[in-house]
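For reference, the structure is listed below as structure tokens.
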Amino acid sequence: MTDNKLADSSDIFAQALAALRRSPTDRLSFAGASKCFEVAFEYAWKWFKRQADDAGFEVYGPRDSIKAAAQLGLIQDIQRWERFLHARNLSVHDYLGISDADFLNVMGDFERALKELIPKAK
């Protein structure tokens, strides 16, 4: 995976979220933004994993990668990123569900987190 995929997925996610904000009741826009969130989150945690592997950490999944990213100073707030992971799990598997309003708030916060992260990934 190249770091460009993280940046590209962040850009596409931002576009999808902007479209959703213009039409907040459009279910297709919501589905598109949700999928773009999932993809961007996947690239983010996998970038964390690669950075952790390069630093000699043993990480196996997203939660370990998030913790390693904090130890490496890539992110400041583990709980914030764990909230993104939880929302991603709910959106993918929908075991418990998440309200549209709550998910939109998480996606907005994730957009801000990506803007903080992308300069570090370049």
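FYI, it's all coordinate maths here, none of it is from the lab. All figures in this text were calculated on a predicted structure; none of them were measured in a lab. Don't worry about glycine lacking a Cβ; one is built from the backbone with ideal geometry, like all the others, and counts go over all protein chains shown.
Mind listing which chymotrypsin sites (Phe, Trp or Tyr not before Pro) in segment 26-122 are in a DSSP loop and have 12 or fewer other Cβ atoms within 10 Å?
Of the chymotrypsin sites (Phe, Trp or Tyr not before Pro), the ones in loops of segment 26-122 whose Cβ has at most 12 other Cβ atoms within 10 Å are Tyr60, Tyr95.
Calculate one ³J(HN,Hα) per residue across segment 38-49 by plugging θ = phi - 60° into the Karplus curve 6.51 cos²θ - 1.76 cosθ + 1.60, and present them in order as whole Hz with x for glycine and proline.
Karplus values, whole Hz, x for Gly and Pro: 4, 5, 4, 5, 4, 5, 5, 5, 5, 5, 4, 4.
Among Tyr60, Ala44, Val92, whose Cα projects farthest towards the positive end of the dipole of the chain, with charges put on the beta-carbon of Lys, Arg (+1) and Asp, Glu (-1)?
Going by the Cα projections, it comes out as Ala44.
Using Cβ contacts closer than 10 Å as the measure, can you line up Asp54, Asp26 from fewest to most?
Final ranking by Cβ density, sparse to dense: Asp54, Asp26.
Taking Cα atoms of the chain, Rg/Rh with Kirkwood Rh, to two decimals?
Values: Rg = 14.1 Å, Rh = 14.5 Å.
So for the chain, dividing Rg by the Kirkwood Rh gives 0.97.
Excluding residues fewer than 8 places away in the same chain, name every one of the aspartates and glutamates whose C-alpha is closer than 16 Å to that of Lys46.
Candidates past the 8-residue exclusion: Asp3, Asp8, Glu38, Asp54, Glu58, Asp64, Glu82.
How much length is gained if the chain between Lys35 and Lys120 is pulled fully straight, taking 0.36 nm per residue apart and subtracting their Cα-Cα distance, in nm to one decimal?
Numbers: separation 85, 0.36 × 85 = 30.60 nm, distance 2.38 nm.
Result: 28.2 nm gained on full extension.
When the helices in the chain are scored as -39500 (n - 2.57) per DSSP H run of 4 or longer and the sum is shared across all residues, what 222 nm value do you end up with, to the nearest 500 deg cm²/dmol?
Value at 222 nm, helices only: -27000 deg cm²/dmol.
From the phi angles alone, apply the Karplus equation (6.51, -1.76, 1.60; θ = phi - 60°) to segment 88-93 and give each ³J(HN,Hα) in whole Hz, x where the residue is Gly or Pro.
Those phi angles translate into 4, 4, 5, 5, 6, 9 Hz.
So for the chain, taking the charge dipole from beta-carbon charges (+1 Lys/Arg, -1 Asp/Glu), which of Ser34, Gly73, Pro119 sits furthest toward the positive end?
Projecting each Cα onto the dipole axis, the largest value belongs to Pro119.
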